[in-house]
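**Q** First the structure, which I've put down as structure tokens, then a few questions once you've had a look.
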Amino acid sequence: MQIGSVAELVYEYERINIMNRTFKKLAVGSAVALLAASSLTTISPVEAKAASKPTKVTVWHAMNGNYNDAFQDEVKAFNASQKKYRVVATGQGDYTTLNQKVMAAAKSKTLPVISQATYTQVPDYAKQGIVQNLDKQVKGKDGWSKKDLKNIYPGFLEQTKYDGHYYAMPFSASVRVMLYNKTILDKYNLEVPKTWDDIQKMAPTLAADGIATVGFDKSYDMEWDGLVRSAGTQIVDKKGHVKADSKDAVQAADMLNGMLDKGYALTAGSDMYGTNNFVNGKTALSFSSSAGVSATKEAVPDGFDWGTAVIPAYQGKRATQFAGNNLVLTSQANKKEAVGAFAFMKFLASDKQTEKWAEKTGYLPITKKAANSKQYNQYLKDNPLATAGADSLQYGFSDAAFPGYQEYRNNLTATVDKMVTKHTPAKEALKTLNQQIEKTIKDNK
């Protein structure tokens, strides 16, 4: 291009400068755009990964041995069923140790998201702020419908509530059942007793040969509790009314103490559980948790012929105490963890999973559909020793739980010990127990 004048030269120079500035702006803008694009390309996968990272839900439990293996299988099944949450379950020893660790962790603010707990521990946990209630989860859109709640056995659902609120979810359930030595009964032409009157009638025959008809654990408190309930009385009801020294309670204790005095019954003493006396042929009958049947199965010698049956009726009715453990949501769980925790709890309580859990562990299904399923009935057919537990579901009850329940239990077992070892009259011993329970309830209000 030819430039003919100074004016034109100046003009062209300015035009070139303008163009250069424009190009620079464009270049800078493009660079910024490229950097932004590059930045987005680099950050997006990280952000996406963070967004998709599952929420960790920690669980403390007291399952050991085969029970731990079965529980870990449940955890794996839940984790594989969805991608939002990842449950990590850690054993903490036995139930006593677990409770001690929960109490310590509450003080140091290092609680897990979920903990296993007996339903009788829940009131104390709630009062001390260790757990949070589950009302929002249970009643929310992803919670349980009325139909779902009716599907859970009432006795197990009763364990989940305290002070009108849901504080736990049912998980492992068991009942008291009766074990019988078939060889002994056949030898003396005796039938499996269906009532406590039947037991009283067969007892003299066996006692003549040094065999106790009934074997208890170290304490017979759970059997006594069931007898009192069969008679139509509750030792402590939901409203906190105490009837430990009622006519029904004293009468039931007198019967059990009388059997022990006559040699018709035998307590386990230092053995804690009646299993040893039973497997050694010292007792014809024994009472055990349905979940403990598998342990008895391992303890019996080869060729030992035995079976299980529902608890005998007393005064025309049957009542057997529910036991086991539930799951609680701790107060230190955040919102995301709480949602994940309930999803896990609900998963475990589903018909399919509770049925699988029952088959693997000997615990009972917590839902009616699971207990009546073809799979579970086939399991019972293949494992007849588990039948008594399933048949006892309709007779099960749960004690009213209240703050200070463990103190009550300690006083109860001490009272039984006074009646058994010191021969303190039932009326006197239970009157003292009644006063102790009333004080415990009053002090913990």
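**Q** Within segment 288-297, does at least one residue satisfy the condition of being assigned to a loop (DSSP other than H, G, I, E, B) and buried (at least 16 other Cβ atoms within 10 Å of the Cβ)? I'd like the intermediate steps shown before the answer.
**A** The first filter runs over segment 288-297 and keeps only residues assigned to a loop (DSSP other than H, G, I, E, B), leaving none.
The answer is no; no qualifying residue exists.
**Q** Now a separate question. Only one of these is without any contact (Cβ under 8 Å) to a residue 24 or more places away in the chain and over 18 Å from the mean Cα position of the chain (by Cα): Lys56, Lys147. Name it. Give the derivation first.
**A** Details: Lys56 fails: without any contact (Cβ under 8 Å) to a residue 24 or more places away in the chain.
So the residue among Lys56, Lys147 that is without any contact (Cβ under 8 Å) to a residue 24 or more places away in the chain and over 18 Å from the mean Cα position of the chain (by Cα) is Lys147.
**Q** Between a residue in segment 250-271 that is part of a helix (DSSP H, G or I) and any residue that is surrounded by fewer than 17 Cβ atoms within 10 Å (Cβ to Cβ) and of a type in the set (Gly, Ala, Ser), which pairs come within a Cβ distance under 9 Å, given they are 6 or more apart or on different chains?
**A** Within 9 Å, the pairs are Lys262/Ala207.
**Q** Would you tally the residues in segment 320-354 being in a loop (DSSP other than H, G, I, E, B) and surrounded by 23 or more Cβ atoms within 10 Å (Cβ to Cβ)?
**A** Looking only at that region, the number is 1.
**Q** Let me ask you something else. Condition test on Glu438, is it farther than 21 Å from Asp217 by Cα, open to solvent by 40 Å² or more (accessible area, probe 1.4 Å), touching a residue at least 60 places away in the same chain (Cβ under 8 Å) and acidic (Asp, Glu)?
**A** For Glu438, the condition - farther than 21 Å from Asp217 by Cα, open to solvent by 40 Å² or more (accessible area, probe 1.4 Å), touching a residue at least 60 places away in the same chain (Cβ under 8 Å) and acidic (Asp, Glu) - is met.
**Q** Being farther than 17 Å from Gly389 by Cβ and not charged (D, E, K, R) is the filter here, so list the residues in segment 283-312 that pass it.
**A** Answer for segment 283-312, where residues must be farther than 17 Å from Gly389 by Cβ and not charged (D, E, K, R): Thr283, Ala284, Ala299, Val300, Pro301, Gly303, Phe304.
**Q** Quickly run through segment 76-91 and pick out the residues that are in contact with a strand residue (DSSP E or B) (Cβ under 8 Å, 6 or more places away or on another chain) and either open to solvent by less than 20 Å² (accessible area, probe 1.4 Å) or touching a residue at least 60 places away in the same chain (Cβ under 8 Å) (or both).
**A** Phe78, Lys84, Tyr85, Val87, Ala89
Let's see how each residue does on (1) among the aliphatic types (A, V, I, L, M); (2) open to solvent by 20 Å² or more (accessible area, probe 1.4 Å):
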site	(1), (2)
Ala104	yes, yes
Lys109	no, yes
Ser115	no, no
Gly129	no, yes
Gln132	no, yes
Lys136	no, yes
Lys139	no, yes
Glu158	no, yes
Ala173	yes, no
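**Q** In addition: Only one of Asp124, Asp148 is among the acidic types (Asp, Glu), within 24 Å of Asp399 (Cα to Cα) and buried (at least 20 other Cβ atoms within 10 Å of the Cβ); which?
**A** The conditions single out Asp124.
**Q** Continuing with the same structure: Between Ala414, Ala400, which is open to solvent by less than 50 Å² (accessible area, probe 1.4 Å) and in contact with a Lys or Arg (Cβ under 9 Å, 6 or more places away or on another chain)?
**A** Ala400
**Q** Just to verify a result, which residue in segment 373-389, among those that are free of Cβ contacts under 8 Å to residues at least 60 places away in the same chain and in contact with a helix residue (DSSP H, G or I) (Cβ under 9 Å, 6 or more places away or on another chain), is most open to solvent (accessible area, probe 1.4 Å)?
**A** This residue is Lys381.
**Q** Let me ask another. Considering only residues that are touching a strand residue (DSSP E or B) at 6+ places or on another chain (Cβ under 9 Å) and open to solvent by 20 Å² or more (accessible area, probe 1.4 Å), look in segment 298-308 and name the one that is nearest to Asn181 (Cα to Cα).
**A** Trp306
The values are calculated or read from the model by the stated rules, or taken from the named source; none is laboratory data. What you see is a predicted model; the values in this text were computed from it and never measured. Virtual Cβ from ideal backbone geometry, glycine too; neighbours counted across all protein chains shown. The area values use the complete protein model at the heavy-atom level, side chains included, leaving out ligands, DNA and RNA. Shrake-Rupley method; radii C 1.70, N 1.55, O 1.52, S 1.80 Å.
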